[in-house]
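Colleague: This structure is in structure tokens; I'll ask about it shortly.
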Amino acid sequence: MDVRLAPAAQELRPAAHSLLLELAGILVDRPSLTHDAGGRPQIPGLAVSVSYTERFVAVAAAYGGPIGIDLEEVRPRDFRPLAERWFGPRELQWLGRQPDQLVAFLRLWTAKEAVGKALGLGLRKSGLRREMPLDEGPVPSVPELSVTHLRCAGGVLAVAAPTGVGVHLASPGLDPVCARG
């Protein structure tokens, strides 16, 4: 599975679509982008997912799915109410032991969103309370789906893909601090 990350343009959705089509053009001949009834992007022959923030656009594409991607910027925020509402006891205990609790929160949160996108159900229907792997790996309630994290300068990126599928960052010219883990 290939992932691309780029600085965001002023118009986020068109920037995400452009980056997705660029990535898809490497994988299939003459990709065309449409959207399903729920607004999810679709490219024939590929499983695709899109996420964007004020500063970044991230896209993922693979020949097989399901896949999901989520990106959050690392910026000060009060994450504790969300964690207490949506994280299970094991996740909360793990979060409390982490030296950088904001980044730890974002790792779990982006994993939950990426899994929700991969399952095609959205956040609430896919289970914000669904337990995530505390690092990387198979999702306990959906072991055929695994989470991989790509942490980039100023952001946390989670990708959900079928277990055993490699995740490749295919973004030439990215800041070298983008790395797995």
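Colleague: Once you list every other residue whose beta carbon is under 13 Å from the beta carbon of G64, what net charge do they have if Lys and Arg are +1 and Asp and Glu are -1?
Modeller: Taking every other residue near G64 into account, the sum is -2.
Colleague: Roughly how many whole Å is it from the C-alpha centroid of the stretch 86-121 to that of the stretch 1-72?
Modeller: Cα centroid of the stretch 86-121 versus Cα centroid of the stretch 1-72: 23 Å apart.
Colleague: Right, next: Specify the longest stretch of the chain that does not include any exposed loop site, a site being one of the GluC sites (Glu not before Pro) with a non-H, G, I, E, B DSSP assignment and at most 10 other Cβ atoms within 10 Å.
Modeller: The longest such stretch corresponds to 55-181.
Colleague: Same structure again: Quick one: angle between helix 12-27 and the longest Cα principal axis of the chain, in degrees between 0 and 90, rounded to 10, please.
Modeller: Taking Cα atoms only, the helix is inclined about 70 degrees.
Colleague: At a 1.4 Å probe radius, carbon and sulfur cover how many percent of the accessible area of the chain?
Modeller: About 53 percent, which is the carbon plus sulfur part of the accessible surface.
Colleague: In addition: Obtain the nm distance between the two label points defined at A37 and Y63 by a simple spin-label model: each point lies 7 Å from its Cα along the Cα-to-C-beta direction.
Modeller: Result for the modelled spin labels: 3.1 nm.
Colleague: For the chain, build the charge dipole from Cβ charges (+1 Lys, Arg; -1 Asp, Glu) around the Cα centre, then report which of Q98, H17, G64 sits farthest towards its positive end.
Modeller: Farthest along the dipole direction, towards plus: Q98.
Colleague: Hey, can you find the accessible area per residue of the chain for me, probe 1.4 Å, expressed in square angstrom? Mind dumping the intermediate values first?
Modeller: Details: 8880 Å² over 181 residues.
Ligands and nucleic acids excluded, the result is 49 Å² per residue.
Colleague: Kindly list the residues of the stretch 56-80 that lie in the label zone of V28, defined by a backbone N under 16 Å from the point 7 Å along the Cα-to-C-beta vector.
Modeller: 60-68
Colleague: Which order do M1, M132 take by accessible area at a 1.4 Å probe, largest first?
Modeller: Descending order: M1, M132.
The values are calculated or read from the model by the stated rules, or taken from the named source; none is laboratory data. Worth saying up front: this structure is predicted, and the values here are computed from it rather than measured. Because the Cβ atoms are built from the backbone with ideal geometry, glycine has one as well, and the counts that use them run over all protein chains shown. Accessible surface is based on the protein model in full, side chains and every heavy atom, while ligands, DNA and RNA are left aside. Shrake-Rupley method; radii C 1.70, N 1.55, O 1.52, S 1.80 Å.
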